[in-house]
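One structure below.
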Amino acid sequence: MTLMTFAAWTAGQLHVTEEELDAVNLTPVFDLFISRIEEARRRGATDPLTTITTKRAGGNSRACTKRMLEQLGFSAPQRRAVHRLLAGSPSGWPGLLRLYAVSADLTGGQRQYARRQLQALRPHNRARSRSSAGCVANASTP
């Protein structure tokens, strides 16, 4: 059995390049979350993955993870997206970390959901052009 890195597995599952994952800082977030999970396991947590979730983790754990993600430059919407992408959501999405841990292939629906979360992580700091903003580029008056 060949072990695949998280970045390589994720790129293959989402049909993106590892460079695209690097552009959204996914590997540092993975490392951060693994560190938090390992610390929770060391402290005897029943389900160490809970420590990185926004809903079920304790207040101190959530605050610590939030600060760490802020240090990586994530905005509030990006923090929510990266939590959903990696840790899962209450709606039933298990998260990439759980799927990676069991070497599961994503279903079509899971892939679509994960790609939407990945899209939310991409920087959107391009100024909108007049045409994309719905403005008339060459307005003329009679």
Residue by residue through region 1-19, note down the ones that are at pLDDT 90 or above and loosely packed, with under 15 Cβ neighbours inside 10 Å.
-> T5, A8, G12, H15, T17, E19
Any chance you could count how many residues in region 65-79 are of a type outside the set (A, V, I, L, M) and surrounded by fewer than 16 Cβ atoms within 10 Å (Cβ to Cβ)?
-> 7
Given the residues L49, L99, L106, which is the only one that is over 13 Å from the mean Cα position of the chain (by Cα) and assigned to a loop (DSSP other than H, G, I, E, B)?
-> L106
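The values are calculated or read from the model by the stated rules, or taken from the named source; none is laboratory data. Here the structure is a predicted model, which means the values were calculated and not measured. Here Cβ is always computed from backbone atoms with ideal geometry, including for glycine, and neighbour counts include all displayed protein chains.
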